[in-house]
């Protein structure tokens, strides 16, 4: 179990990169809300609970042969955090690679992620949490 917010973020991203859905779910509150940014138009705007995260997992992992998330920077508050995220994927079948940088905003309850929202930039994620760099 993660000990602090930054560790929870890193653990979740490592689990996603490793294809370890159960490991990811261990970092998430059962009432998790995952708010998407609209960068991937076929996704729902919000996924709720562990069942919602499973549906998100299936949607995000289906088109990719490899999938990597890396937190390049994290700013923490007492019950929230913002992360600058580097997203790298390679298409299944095509082998085409792409990269995207985003910001993710996190809110925590009892050392678990209660809510995460994705944003076009790290600055937008900071603004969503009310934190300063």
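The values are calculated or read from the model by the stated rules, or taken from the named source; none is laboratory data. Just so it is clear, the structure is predicted and the values come from calculations on it, not from any experiment. Note that each Cβ is placed from the backbone with ideal geometry, even for glycine, and that neighbours are counted across all protein chains shown.
Each residue in the stretch 116-133 was checked for being in contact with a helix residue (DSSP H, G or I) (Cβ under 7 Å, 6 or more places away or on another chain) and either part of a strand (DSSP E or B) or at pLDDT 95 or above (or both), and 2 of them qualify.
No other residue among 98, 113 is free of Cβ contacts under 8 Å to residues at least 12 places away in the same chain, assigned to a strand (DSSP E or B) and either under 18 Å from residue 63 (Cβ atoms) or in contact with a strand residue (DSSP E or B) (Cβ under 9 Å, 6 or more places away or on another chain) (or both) apart from 98. Residues that are assigned to a strand (DSSP E or B) and at pLDDT below 95 were ranked within the stretch 20-69; the one that is farthest from residue 119 (Cα to Cα) is 65.
Residues that are touching a residue at least 40 places away in the same chain (Cβ under 8 Å), out of contact with any strand residue (DSSP E or B) (no Cβ under 6 Å at 6 or more places or on another chain) and under 19 Å from residue 129 (Cβ atoms) occur at least once in the stretch 72-91.
Pairs meeting the criteria (first residue in the stretch 40-62 and free of Cβ contacts under 8 Å to residues at least 40 places away in the same chain and at positive phi, second residue crowded, with 16+ Cβ neighbours inside 10 Å and part of a strand (DSSP E or B), beta carbons under 7 Å, at least 6 apart or on different chains) are 49/32.
Among the residues of the stretch 76-111, which ones are crowded, with 18+ Cβ neighbours inside 10 Å and in contact with a helix residue (DSSP H, G or I) (Cβ under 7 Å, 6 or more places away or on another chain)? Quick ask: steps written out before the conclusion?
Just the residues of the stretch 76-111 that are crowded, with 18+ Cβ neighbours inside 10 Å, to begin with: 80-85, 87, 89, 102-108.
Once the filter is applied, which keeps residues that are crowded, with 18+ Cβ neighbours inside 10 Å and in contact with a helix residue (DSSP H, G or I) (Cβ under 7 Å, 6 or more places away or on another chain), the stretch 76-111 yields 80, 81, 82, 83, 84, 103, 104, 105, 106, 108.
Scan the stretch 1-19 for residues that are touching a residue at least 40 places away in the same chain (Cβ under 8 Å), assigned to a helix (DSSP H, G or I) and in contact with a helix residue (DSSP H, G or I) (Cβ under 8 Å, 6 or more places away or on another chain) and jot them down.
First pass over the stretch 1-19, keeping only residues touching a residue at least 40 places away in the same chain (Cβ under 8 Å): 1-6, 8-10, 12-13, 16-17, 19.
Cutting the leftovers down to assigned to a helix (DSSP H, G or I) gives us 5-6, 8-10, 12-13, 16-17.
If the condition is that a residue be touching a residue at least 40 places away in the same chain (Cβ under 8 Å), assigned to a helix (DSSP H, G or I) and in contact with a helix residue (DSSP H, G or I) (Cβ under 8 Å, 6 or more places away or on another chain), then 12, 16 are the ones that fit.
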